[in-house]
Amino acid sequence: MRDDKENLIVRLTFEFSLKIISFSEELRAIHKYEMASQIFRSGTSIGANIMEAQNAESKADFIHKFKISAKEADELNYWLKLCEASEFYPNPSKELHSELRSISLIMSKIISSSKKG
């Protein structure tokens, strides 16, 4: 299923992963290692699974990889909300939340259209 044309969701999730790495490093700098690791893993996993979906063996495999990415996005949203709610953690940027919402909507659309087609 791989196509060498630019792929919007692959590009968006790669760029988003770079921002997640930066936020994780910000957390590590203030010795919040556990939260940094959780955010790093779930945040970068979104794009990793989408990249993996580009080489899916079947449509079902493609959809499965995107569903894993969607679950990782939900998990990341949870960790980011914990940072916001806790007085002991820095707030993630509004841009991170906005991009996560956009990526989640795109993934949802891809999943639903893949199931139909």
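Laboratory data are not the source of any read-out in this text; all were calculated from the coordinates shown. It should be emphasised that the depicted structure is a prediction, and the values quoted were computed from it without experimental measurement. Positions of Cβ are backbone-derived with ideal geometry, glycine not excepted, and every protein chain shown enters the neighbour counts.
Values for this structure:
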| quantity | calculated |
| --- | --- |
| Diffusion coefficient, µm² s⁻¹, Stokes-Einstein with Kirkwood Rh over alpha-carbon pairs of the chain at 4 °C and 1.567 mPa s | 89 |
| The chain - mean residue ellipticity at 222 nm from DSSP helices (-39,500 (n - 2.57) per run, n ≥ 4, rounded to 500) | -28000 deg cm²/dmol |
| Cα-centre dipole for the chain with unit charges at Cβ (Lys and Arg positive, Asp and Glu negative), debye to 20 | 420 |
| Helix runs (DSSP H) in the chain reaching 24 Å along axis by Cα, Kyte-Doolittle at least 0.0 | 8-29, 33-53 |
| Farthest toward positive dipole pole in the range 28-117 [+1 Lys/Arg, -1 Asp/Glu at C-beta], among 53, 98, 36 | 53 |
| Mean separation of Cα contacts under 8 Å, 6 or more apart, over the residue count of the range 4-53: relative contact order % | 45 |
| Full-extension gain in nm, residue 82 to residue 31, via 0.36 nm per residue minus C-alpha separation | 16.7 nm |
| Relative contact order of the chain, defined on C-alpha pairs under 8 angstrom at six or more residues apart (%) | 28 |
| Extended-chain gain in nm, criterion 0.36 nm per residue less alpha-carbon gap, residue 11 and residue 93 | 27.5 nm |
| Footprinting exposure proxy for 69, 42 (fewest neighbouring C-beta atoms within 10 Å first) | 42, 69 |
